[in-house]
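K.L.:
First the structure, which I've put down as structure tokens, then a few questions once you've had a look.
The values are calculated or read from the model by the stated rules, or taken from the named source; none is laboratory data. All values derive from a computational prediction rather than experimental measurement. All Cβ positions, even for glycine, are placed from backbone atoms using ideal geometry, and neighbour counts span all protein chains on display.
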Amino acid sequence: MEQLKTIGRELAMGSQGVWGSSKEFLELVKTIGEAKSKAEEERIVLAEIESLKRRIQEPDVPRKKMKEYIMRLVYVEMLGHDASFGYIHAVKMTHDDNLLLKRSGYLAVTLFLNEDHDLIILIINTIQKDLKSDNYLVCCAALTAVCRLINEETIPAVLPQIVELLNHQKELVRKKAVMALHRFFQRSPSTVSHLFPAFQERLCDRDPSVMSAVLCALYDMILVNVKPFKHLVASLVSILKQAVEHRLPKSYDYHRTPAPFVQIKLLKILALLGTGDKAASENMFNVLGDILKRSDSTSNIGNAILYECVRTLTSIYTNPRLLQNAAEITAKFLKSDSHNLKYMGIDALGRLIKITPECAENHQLAVIDCLEDPDDTLKRKTLDLLYKMTKANNVEVIVERMVEYIRNISDNHYKTEISSRVIELAERYAPSNQWFIQTMNQVFEIAGDLVPQKVAHDLMRLIAEGAGEEDEDADSHLRSSAVQAYLQILKEPKLPSILLQVISWVLGEYGIADGSHSAEFIIGKLCDIVATRPGDDKLKGYVVSAITKICAFEKAAGQTVDLIPECVSFIEELYASHSTDLQQRVYEFHAVLKLDRDTLASILPMDASCEDIEVDKDLSFLNSFVESALANGSRPYLSDNERRGMGAMTTLASNNDAGTSSLLRFQPYEKPSIPEPAAALVTASHYSQDAIDQHDIYSSAITVSTSSKAPESSSNDGTRLKLEGVQKKWGRPTYTPEAQVPKNPINISDSVKVSSSAAGKEASSRNSSAPPYTERKQPPQEISAEKKKLAASLFGSKAGDTKAKPAAKLQQNGTSKKAPAKPTSPPPPAPAPPPADLLDLSDSLPQTPSVDPVDQLADLISVDSSAATSTTSLVEQVFDAGKVATKGPSPQASLQKDAVSRQVGVTPSGGTNPDLFKDLFG
Amino acid sequence: MIRFVLLISRQGKVRLTKWYSPYTQKERLKAIRELSALILPRGPKLCNFVEWKGLKVVYKRYASLYFCICVDSEDNELDGLEVIHHYVQVLDRYFGNVCELDLIFNFHKAYFILDEILIAGELQESSKKSVSRVISAQDTLVENAKEQASSLSNMIAQATK
């Protein structure tokens, strides 16, 4: 073989390519194919770009040559390189009169340019001209380009001509015109909104392909607004009927299914039209039933129609009989061996349970199989389904599954998505705070920095506020268990920053609250946290605050704190930090340490993070200061408005006497209007604006509040003042959890409260369902106990739930009814049928599983072969030959190709890809 | 709606790309890279759908080529699968036992055929017959044009002799 190839190559030297391309291009493809590495390929392509750049610029390139250059540009761009230098030549080529060149030009342009590219404007004229052409192929080429290249601004330039083409004698042109208008609708709906009647007229076109193009457009239009199209239901139903009854031309058959693509499109439209509309839906029931009956579930396309039918049935007004059928189809999908069908089945089930939640029970084992399937896509889809059917009683199992799943994937997009789902479910259904905190910790640990900051705040808030009831014991228990859990987590390496932030905050706030850990121990832990992430300033801020709090608590309790050496060095280091926020925090830390015990107790009270901070807006503590200033002859304070009013009259005067001091006069009072307390300060008390710089006041306010020496801090509003001082002292609120948490207007705690109060009820209901649950585990079946257990926890309690609704009935009927009520969920009788079912299935549906170990491809084709008898193409021949010969029945043809390519000396990917010559169907 | 069509060989080489939604060159490369990494290693028995950035990619392998189309998450996947098959059947009809090499060297033809089947991300023609009719009409037109051109040039050549 190898020898043959070389001979072939030698023979082919200098000969023209059989594929109508030049030798050079073939050579290029060949060398790229033979490239051993990505870098080599890169080099070849770059060289090609260089040579093209040079040659394309030459004057008088023959047009045919130019066409080839442009095709080569397309090739280069397809390989991911920039070919923008040649765009203009492609545009020029569209002007050519020769159809072949024109089409190549259009093709290149549609591949190169986006609709907002600058060069588009140069093509509009050509397009306009071509749309008027007598040759329908030219028209088509232009229309194809229109679909890709026309943007909102240029629509008006071509719209009239395209509307005209709607009545062109060639159906091909009419179809493309419809598609172009559809595109315009997508771009800017208003430009074609007056054309709705024209669309509807085309719906009755005698050519099915035009009609099906209209369907695409209709779908999008109805998606935007259903109302104007309601009257179409009858005609759409009749079209669907015709399609189903084989009344469309034979050429639209696909694997003996009549016009399946048209059917699917129609079903989609009907689903939109029938949503919440009983009258319209009743019109459809008949034909839908017909489809369900007629569609053949052995071919892929038949299943596609069935699935679409299920979707339609679940979105229109419900019809119990048809829903029953839909459920049967779903069951068939789920039991199928094909992963594709399982996937569709899971999706269909997700839609069905919205309407009839109880149908999930029948498929529990199938669902669990899918959940444990090695196929990632299927697994993810199943998690979607579980997410949809989460209730308070199965949330723990489902969330556990989801967490397990995100632990194992690396795709950030889905990590984010699924962890946000976990958080949502946990917030909504959490059975206990303890569980919620644990779950959140897991999510943080796995998804880490993908979790939004808000969730961390919610979690800290929850820990701080506890269950929300007045039960202090439970709360402190919760906190100490949280501390315990976090100390445990800290032992693991590489934790995400956001989790460490939460941990630091919790340790700072509650680390020593229950007395089981010494301050030194906690501080040591905090220092360890910092050591794991040296570059994380935000985290350092959290840690410094936490250390400050612990020291303050200790001192307030009358103990002395000896800072361990690591801590001291950590703090020292931060004095010189680049982050001003961190510097501020350490300086504050230092200041706090020097304070005496009482002050500390009031500025950093224990467990007060969720107490509201009351701001003394009147700044009454400044009154005496102001009075003394006034007494010393300062001018009384004027409010901003007053000053402005005065300013109008006395600009001169103020200018005069302000003169040099104008800065002093105004600056201090304009700034304060932004921060709240300062604004209050401005309006509150009367003191001379000239007397004192605002910053002085500010700092004095702080010293007033922090140093208890100040006489103003009267005992009754002492705490308030000091609390305010705390807030100020700890820098910007964004970095201080204690300032932030109460400020955040999140109602998570509310939702948690609600769910936890609900959790009480659920807990009791779970208790009641617990005994059967344990019973269920007992009887040994072929299905592994674990799976059943899972099924029980996913569906069983759910089944119990659904049974719980008709509880009234149950009670009336007494115990006799209660017994069968349980079995419908997964208990003893239930496990028996499902395995039988599964076995039955593998026997009764031989088509799919029998060949399955073979290539899936071959599998699909064997299905095709049974269906595609109508076609006379080579495809069929391939199929007829069966799977015996890989080359199919026309080995001559393949051999010819082989020979030809050898002649040219092309083996595009050397020895690496022996399949190059293989028929795609082979 | 179909967002893009992608043909990749088993070695991860791109054979054809068609983008129906605007993607920058950078995004295209990224998409191709990510999808090859996602799809190529998948076993033959797994399902033919992959979720990707909130969209779905339906793929099918024919010999050494993977045909992938990216559709909206609400679209019918089996339908997408059949669109692919439809395209391959039309290609097969046109080339006669189509193989990867045909697509490599005649990628512009493959593009033309794709343009007849999909427009603006929607299936526009589900009849194989009419697709092949259009394509052959174009081909014959081209042939005619060539003949005309050559005969014209002959005439001119003779006249100028």
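K.L.:
Return yes or no: is B:Asn106 facing another protein chain (nearest Cβ under 9 Å) and surrounded by 20 or more Cβ atoms within 10 Å (Cβ to Cβ)?
P.N.:
Here the answer is no, as B:Asn106 does not meet what is asked.
K.L.:
Under 6 Å between Cβ atoms, which residue pairs at least 6 apart in sequence (or on different chains) link something in the stretch A:388-402 that is free of Cβ contacts under 8 Å to residues at least 24 places away in the same chain and assigned by the TED database to the domain that holds A:Gln442 with a partner that is assigned to a helix (DSSP H, G or I) and of a type in the set (Val, Ile, Thr)?
P.N.:
A:Met402/A:Ile418; A:Met402/A:Val422
K.L.:
From the set of residues in the stretch A:256-282 that are β-branched (Val, Ile, Thr) and assigned to a helix (DSSP H, G or I), which is nearest to the other protein chains (Cβ to nearest Cβ)?
P.N.:
Ranking the candidates gives A:Ile264 first.
K.L.:
Restricting the first residue to the stretch A:525-537 and requiring it to be in contact (Cβ under 8 Å) with a residue 60 or more places away in the chain, which pairs with a second residue that is assigned to a helix (DSSP H, G or I) meet a Cβ separation below 9 Å and a spacing of at least six or different chains?
P.N.:
none
K.L.:
What about A:Ile346, is it under 23 Å from A:Glu417 (Cβ atoms) and crowded, with 23+ Cβ neighbours inside 10 Å?
P.N.:
Answer is yes for this residue.
K.L.:
Still on this structure, please answer the following. Are there any helices (runs of 4 or more DSSP H) wholly within the stretch A:329-424 with 2 or more residues that are farther than 30 Å from A:Thr298 by Cα, and if so which?
P.N.:
The qualifying helices (runs of 4 or more DSSP H) are A:395-408.
K.L.:
Among helices (runs of 4 or more DSSP H) lying entirely in the stretch A:53-162, which contain 2 or more residues that are within 12 Å of chain B (Cβ to nearest Cβ), crowded, with 18+ Cβ neighbours inside 10 Å and touching a Phe, Trp or Tyr at 6+ places or on another chain (Cβ under 7 Å)?
P.N.:
Per the criteria, A:63-78, A:99-112, A:136-149.
K.L.:
Also, I was wondering about something else. So is A:Thr298 of a type in the set (Val, Ile, Thr), modelled with pLDDT under 90 and surrounded by 24 or more Cβ atoms within 10 Å (Cβ to Cβ) or not?
P.N.:
no
K.L.:
What is the number of the single condition among (1) out of contact with any Phe, Trp or Tyr (no Cβ under 7 Å at 6 or more places or on another chain); (2) closer than 17 Å to A:Ile463 by Cβ; (3) part of a helix (DSSP H, G or I) that A:Leu507 does not meet?
P.N.:
Here A:Leu507 clears every test but (1).
K.L.:
What residue, of A:Asp537, A:Asp562, is surrounded by fewer than 16 Cβ atoms within 10 Å (Cβ to Cβ), among the acidic types (Asp, Glu) and at pLDDT 80 or above?
P.N.:
Result: A:Asp537 is the single residue among A:Asp537, A:Asp562 that is surrounded by fewer than 16 Cβ atoms within 10 Å (Cβ to Cβ), among the acidic types (Asp, Glu) and at pLDDT 80 or above.
K.L.:
Right, next: Output the residue which, of all residues in the stretch B:49-73 that are among the basic types (Lys, Arg) and within 7 Å of another protein chain (Cβ to nearest Cβ), is farthest from B:Tyr87 (Cα to Cα).
P.N.:
The residue in question is B:Lys53.
K.L.:
Which ones in the stretch A:233-255 are part of a loop (DSSP other than H, G, I, E, B) and away from chain B (no Cβ under 14 Å)?
P.N.:
A:Glu245, A:His246, A:Arg247
K.L.:
I'd like to check something: does the stretch B:113-128 contain any residue that is more than 23 Å from A:Val173 (Cα to Cα), more than 14 Å from the chain's Cα centre (by Cα), crowded, with 22+ Cβ neighbours inside 10 Å and at the interface with chain A (Cβ under 7 Å from one of its Cβ atoms)?
P.N.:
no
K.L.:
Within the stretch A:320-340, take every residue that is crowded, with 20+ Cβ neighbours inside 10 Å and touching a residue at least 60 places away in the same chain (Cβ under 8 Å) and give me the one that is farthest from the other protein chains (Cβ to nearest Cβ).
P.N.:
Within the stretch A:320-340, the match that is farthest from the other protein chains (Cβ to nearest Cβ) is A:Lys335.
K.L.:
Name the residue that is surrounded by the most Cβ atoms within 10 Å (Cβ to Cβ), counting only residues in the stretch B:87-103 that are facing chain A (nearest Cβ under 7 Å) and of a type outside the set (A, V, I, L, M, F, W, C).
P.N.:
Looking at the filtered set, the residue picked out is B:Asn97.
K.L.:
Look through the stretch B:25-48, keep the residues that are over 19 Å from B:Ile2 (Cβ atoms), at the interface with another protein chain (Cβ under 8 Å from one of its Cβ atoms) and within 20 Å of the chain's Cα centre (by Cα), and return whichever of them is modelled with the highest pLDDT.
P.N.:
Taking the candidates together, the pick is B:Leu29.
K.L.:
Among the residues of the stretch B:8-32, count how many are in a helix (DSSP H, G or I) and either of a type in the set (D, E, K, R) or surrounded by fewer than 18 Cβ atoms within 10 Å (Cβ to Cβ) (or both).
P.N.:
Matching residues across the stretch B:8-32 total 6.
K.L.:
Here is a follow-up. Looking at the stretch A:295-319 only, could you name the residues that are within 12 Å of chain B (Cβ to nearest Cβ), β-branched (Val, Ile, Thr) and farther than 16 Å from A:Ala243 by Cβ?
P.N.:
Once the filter is applied, which keeps residues that are within 12 Å of chain B (Cβ to nearest Cβ), β-branched (Val, Ile, Thr) and farther than 16 Å from A:Ala243 by Cβ, the stretch A:295-319 yields only A:Val310.
K.L.:
Considering A:Ile418, A:Ile353, which residue is β-branched (Val, Ile, Thr), at pLDDT below 90 and touching a Cys at 6+ places or on another chain (Cβ under 8 Å)?
P.N.:
Only one candidate qualifies: A:Ile353.
K.L.:
State yes or no: is A:Arg321 assigned to a helix (DSSP H, G or I), farther than 17 Å from A:Leu794 by Cβ and touching a helix residue (DSSP H, G or I) at 6+ places or on another chain (Cβ under 7 Å)?
P.N.:
no
K.L.:
Can you tell me which condition A:Ser209 does not meet? The list is (1) within 19 Å of B:Asp79 (Cβ to Cβ); (2) modelled with pLDDT of 90 or more, and all the others hold.
P.N.:
(2)
K.L.:
Next question. Looking at the stretch A:421-480, which of the residues that are free of Cβ contacts under 8 Å to residues at least 24 places away in the same chain and surrounded by 16 or more Cβ atoms within 10 Å (Cβ to Cβ) is nearest to A:Glu509 (Cα to Cα)?
P.N.:
By that ranking, first place goes to A:Asp475.
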